Amino acid sequence: MDVLAETLRVSGARGALGVVLKAGGTWGLWLESSPEAALHVVSRGTMWLHVTGEKPLEVQAGDAVLLPPGTAHGIAGGSSTTMSPCDREATVQALTDGSPLHLGSTPAQTEVLVLRYEQDPEVSTPVLTSLLRPMHVTSRENTQLRKTVELLTAELAQPQIGTTAAVNSIVDLLLIQFVRVWLARHPQERSGSWLGAMRDPVVREALACVHAQPQHPWTTESLAAATAVSRTTLSRHFRSTLGQTPGAYVTQWRMDLASVRLRDTDEPVESISGAVGYASPHAFSRAFRRTRGMPPGEYRSRLRT
């Protein structure tokens, strides 16, 4: 079981919005904080990233930078350029017809793919939020990055049937490339984030079991046996890497799966409860109410309204 692949399958990018920015001369754009993550990919020229409290970062052609949800920031042609707020009308037009967003003067010397996207809001397992600070990846670190950027640029330049699905899939691919670089940069990191937990062999193997068979009646004891460690060892590793017990993670993942199925399918609650590991609909409803604040039926109705 590839835990990252399975998690992204369930919680991957949703509603990715992107424009191609073409800029020349003196230019700067300030982007306010938003619930979505931001991804900037430089396809030509040079861009400077400005984040409050940090030194300006130069991002060159072929590089990409991923910013966690809620990060207000600016992009500009220089390290000390004054930045202006986003022109919403021009942005909406670019999103609608795929036309580029022009900044500064012509001719354009810099081209940047500007994207905002979010994980599925019904899924609480954190992948994007594991990246606590802006992450800069160069084309030298990941040779596949440029090919992915070219594919994304072409899709955004000519929106057509299926473009939203295609962009979401390409963004998921970019996420995987960012994760690979993050893991290579932090070989000893095992605490404080979901991605760091992937470095702990005990936790990683336990998560693989849970994700492969969420319907199995997992307990801390049975997970410990499946990973060939003691119950105490398993609990200690979970607390040090994820800050929660094995049982809490099992419940969290089951509720994520159930939430998505309640929204996206017409399966009866009884069927969903069994698929995510509950012996009875009553037990499932009780657990769901504890984590989501309402019974499954009401949850489904609210999402669809």
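The values are calculated or read from the model by the stated rules, or taken from the named source; none is laboratory data. This is a predicted model, so every value here is computed, not measured. Note: ideal-geometry Cβ built from the backbone for every residue, glycine included; neighbour counts use all protein chains shown. Each accessible area value is taken on the protein alone, full model and side chains, heavy atoms only, with ligands, DNA and RNA left out. Shrake-Rupley method; radii C 1.70, N 1.55, O 1.52, S 1.80 Å.
Conditions (1) open to solvent by 60 Å² or more (accessible area, probe 1.4 Å); (2) part of a helix (DSSP H, G or I), marked per residue:
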position: Gly18; (1), (2): no, no
position: Trp30; (1), (2): yes, no
position: Ser43; (1), (2): no, no
position: Glu89; (1), (2): yes, yes
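Condition check ((1) of a type in the set (S, T, N, Q); (2) over 30 Å from Glu141 (Cα atoms); (3) surrounded by 20 or more Cβ atoms within 10 Å (Cβ to Cβ); (4) touching a residue at least 40 places away in the same chain (Cβ under 8 Å)) across all residues:
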residue	(1), (2), (3), (4)
Pro214	no, yes, no, yes
Trp218	no, yes, yes, yes
Ala248	no, yes, no, no
Met255	no, yes, yes, yes
Asp264	no, yes, no, no
Ile272	no, yes, yes, no
Ala275	no, yes, no, yes
Ala283	no, yes, no, no
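The set of residues in the stretch 147-158 being surrounded by 16 or more Cβ atoms within 10 Å (Cβ to Cβ), farther than 10 Å from Gly18 by Cβ and touching a residue at least 40 places away in the same chain (Cβ under 8 Å) consists of Val149 alone.
Within the stretch 148-191, can you find the residues that are at pLDDT below 80, part of a helix (DSSP H, G or I) and of a type in the set (S, T, N, Q)? Answer for the stretch 148-191, where residues must be at pLDDT below 80, part of a helix (DSSP H, G or I) and of a type in the set (S, T, N, Q): Thr153, Thr164, Asn168. In the set (1) under 27 Å from Val3 (Cβ atoms); (2) of a type in the set (Gly, Ala, Ser); (3) at pLDDT 95 or above, Ala279 fails one condition alone, (3). Conditions first: (1) part of a loop (DSSP other than H, G, I, E, B); (2) surrounded by fewer than 20 Cβ atoms within 10 Å (Cβ to Cβ); (3) out of contact with any Pro (no Cβ under 7 Å at 6 or more places or on another chain); (4) touching a residue at least 60 places away in the same chain (Cβ under 8 Å). Glu122 passes all but one, so which condition is the exception? Evaluating Glu122 over (1) part of a loop (DSSP other than H, G, I, E, B); (2) surrounded by fewer than 20 Cβ atoms within 10 Å (Cβ to Cβ); (3) out of contact with any Pro (no Cβ under 7 Å at 6 or more places or on another chain); (4) touching a residue at least 60 places away in the same chain (Cβ under 8 Å) leaves (2) as the failure.
Taking the stretch 225-246 as the range and being without any contact (Cβ under 8 Å) to a residue 12 or more places away in the chain and either over 19 Å from Gly196 (Cα atoms) or aliphatic (A, V, I, L, M) (or both) as the test, the residues that pass are Ala225, Ala228, Ser230, Arg231, Thr232. The number of residues in the stretch 51-68 that are open to solvent by 20 Å² or more (accessible area, probe 1.4 Å) and assigned to a strand (DSSP E or B) comes to 4.
Of all the numbered requirements in (1) over 21 Å from Ser124 (Cβ atoms); (2) in contact (Cβ under 8 Å) with a residue 60 or more places away in the chain; (3) β-branched (Val, Ile, Thr), Val171 misses one, and that requirement is (1).
A search for C-beta distances below 9 Å between a residue of the stretch 100-119 that is farther than 15 Å from Val65 by Cα and any residue that is in a loop (DSSP other than H, G, I, E, B) and open to solvent by 60 Å² or more (accessible area, probe 1.4 Å), counting only pairs 6+ apart in sequence or on different chains, returns Leu101/Asp87; Leu103/Asp87; Gly104/Thr26; Ser105/Thr26; Glu118/Pro35. Looking only at residues in the stretch 72-82 that are surrounded by fewer than 17 Cβ atoms within 10 Å (Cβ to Cβ) and touching a Pro at 6+ places or on another chain (Cβ under 9 Å), the one that is modelled with the lowest pLDDT is Ser80.
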